[in-house]
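The block underneath contains the structure these notes are about, expressed in structure tokens.
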Amino acid sequence: MIFKKDNFVFGLSLGLIAPIIAMLIYKLYKLEGLSIAEMFQWFKLNPNLVSGFISVSLLANAILFTIYINGHRDKTAKGIFVLTIIYAVVAMIFKYY
């Protein structure tokens, strides 16, 4: 099963994919009438909406991180954590600049 793997690179890939999936789900739920390009333009015009978007995306990684920590799969959890930090920094740069 996918949750049994304990590999740092696997954690990095999960940490990259989970927020993207969460972003797409959020987009389908909240911004269904906009294309991806229009969504990013909307966020550029309304930076206060980026916080909710970031929160949903990082929540996906938090859930995965918790699953792997509780399962004693520390290498995978480290990979997820590293990508979560990188993703959060990039998202904050996008929000404030």
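Count Lys and Arg as plus one, Asp and Glu as minus one, and take only other residues whose Cβ is under 15 Å from that of Pro19; the net charge is then +2. Each label was represented as a point 7 Å from its Cα along the Cα-to-Cβ direction; for Ile20 and Lys95 these points are 2.3 nm apart. To the nearest ten degrees, helix 8-30 and the longest principal axis of the Cα atoms of the chain are 30 degrees apart. Note on Lys78: lysines with a C-alpha under 25 Å away, same-chain residues under 8 apart excluded, are Lys4, Lys5.
Quick check: net charge around Thr76, other residues with Cβ under 15 Å of its Cβ, Lys/Arg +1 and Asp/Glu -1? Net local charge, Thr76 excluded: +3.
Other residues whose C-beta falls under 15 angstrom from the C-beta of Asn48 contribute a net charge of +3, scoring Lys and Arg +1 and Asp and Glu -1. Multiplying the residue separation of Ile69 and Lys5 by 0.36 nm and subtracting their alpha-carbon distance yields 21.8 nm. With coordinates expressed along the principal axes, the C-alpha atoms belonging to the stretch 1-75 extend over 42, 20, 19 Å, beginning with the largest.
Values quoted throughout were computed directly from the atomic coordinates according to the rules given, and no laboratory measurement underlies them. None of these values were measured; they are calculated from a predicted model. Cβ sites come from the backbone with ideal geometry, for glycine too, and all protein chains shown count toward neighbours.
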